[in-house]
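**Q** Pasting a structure here, questions to come.
The values are calculated or read from the model by the stated rules, or taken from the named source; none is laboratory data. Since we're looking at a predicted model, the values are computed, not measured. Cβ placement follows ideal geometry from the backbone for every residue including glycine, while neighbour counts extend to all protein chains displayed.
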Amino acid sequence: MIQRISTLCLATICILASAEVQATESDAYIMQVGEGSSAYLNQVGSENSISILQDGYQNSAEILQNGTSNRISFDESSLQTESNALDYGAGLTQLGESNLAQVRQVGSDNFATFYQDGIANIIEHLQDGSGNISLQHQDGSENYSRVEQVGSSNLVETSQVGSGNEIIFTQMGNGNIGNVQQVGSGLSVIINQQ
C-alpha cells in the first residue's frame, strides 16, 4: 500500500489539517497559508488525488473520496487581511470512479457542498464574492456541472441523476436564486442570472 500525504502550513497560529488514508497509490496535497484554517480528508480506494490550497483566514474543507481515480482540486483564497477575518466552508464527497471536482472560493462567508456518485462526473465551481451558497449533487455517469457565482448572497442548487447531462449556471450580481434538477439522460440547460 503506497500512501502519499504532503502538508505545508505557514502561519503564526496553528492550522489544523488531518488526513485519514486507507488507499493504494493515492495522493493528498495540502497547502495552508494564514490562520485558523482546517482541512479533513478521508481517502479510500486507489489512485485518488486531492490537492487543497487554503490561503486566508478561517477556511474549512471536508473531503471524502471512496473509489478509483477520483480527482479533486480545491482552492480557498483571498487577499483580505486578518482584521477582515474570512470564513469559507466547503464539503465534497466523491464515490465511484474517475470523478473530477475543481472548486475555487474567493471572498468571504461563501459555502458550498458537492456530492458525486458514479463514473466520470465533472464539477467546475467558482464562488467570488460574499455570502454565496451552492449545493450540487451528481449521481450517474458523465454528468457535467459548471456553476459560477460572482457577487453576494446568491443561492444555487443543482441535481443531476442519470447520464450525459449538462448544467451551465452563472449568477452575476446579488440575491439571485436558482434550482435545476435533471433526471434522465442527455439533458442540457444553460442559465444566466444577473
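**Q** Filter the range 31-40 for residues that are under 17 Å from the mean Cα position of the chain (by Cα) and buried (at least 24 other Cβ atoms within 10 Å of the Cβ); which is modelled with the highest pLDDT?
**A** Within the range 31-40, the subset under 17 Å from the mean Cα position of the chain (by Cα) is 31-32, 37-40.
From what's left, buried (at least 24 other Cβ atoms within 10 Å of the Cβ): 32, 37, 39.
Numbers: 32: 85, 37: 81, 39: 82.
If we take residues in the range 31-40 being under 17 Å from the mean Cα position of the chain (by Cα) and buried (at least 24 other Cβ atoms within 10 Å of the Cβ), then 32 is modelled with the highest pLDDT.
**Q** Follow-up. From the set of residues in the range 48-63 that are crowded, with 17+ Cβ neighbours inside 10 Å and within 22 Å of residue 121 (Cβ to Cβ), which is modelled with the lowest pLDDT? Give the derivation first.
**A** Of the range 48-63, the ones crowded, with 17+ Cβ neighbours inside 10 Å are 48-50, 52-61, 63.
When the remaining residues are screened for being within 22 Å of residue 121 (Cβ to Cβ), the result is 48-50, 52, 61, 63.
Numbers: 48: 87, 49: 88, 50: 86, 52: 84, 61: 80, 63: 84.
Among residues in the range 48-63 that are crowded, with 17+ Cβ neighbours inside 10 Å and within 22 Å of residue 121 (Cβ to Cβ), the one modelled with the lowest pLDDT is 61.
**Q** Right, something else. Considering only the range 66-74, I want to know if a residue exists there that is among the hydroxyl-bearing types (Ser, Thr, Tyr), outside any strand (DSSP E or B) and at pLDDT 85 or above.
**A** Applying the first criterion (among the hydroxyl-bearing types (Ser, Thr, Tyr)) to the range 66-74 yields 68-69, 73.
After this cut, where a residue has to be outside any strand (DSSP E or B) as well, the list is 69.
Adding the requirement that they be at pLDDT 85 or above leaves 69.
The answer is yes; a qualifying residue exists.
**Q** Moving to a separate point now. In the range 75-96, which residues are assigned to a strand (DSSP E or B) and either acidic (Asp, Glu) or modelled with pLDDT of 75 or more (or both)?
**A** Step one: list which residues in the range 75-96 are assigned to a strand (DSSP E or B), which gives 75-77, 89-96.
Of everything in the range 75-96, those that are assigned to a strand (DSSP E or B) and either acidic (Asp, Glu) or modelled with pLDDT of 75 or more (or both) turn out to be 75, 76, 90, 91, 92, 93, 94, 95, 96.
**Q** Let me ask something else about it. Which of the residues spanning the range 143-178 are within 16 Å of residue 96 (Cα to Cα) and within 18 Å of the chain's Cα centre (by Cα)?
**A** Of everything in the range 143-178, those that are within 16 Å of residue 96 (Cα to Cα) and within 18 Å of the chain's Cα centre (by Cα) turn out to be 143, 144, 160.
**Q** So which residues in the range 123-142 are over 14 Å from the mean Cα position of the chain (by Cα) and closer than 16 Å to residue 89 by Cβ? Spell out the reasoning first.
**A** Taking the range 123-142 first, the residues over 14 Å from the mean Cα position of the chain (by Cα) are 129-131, 139-142.
The answer is 129, 130, 131.
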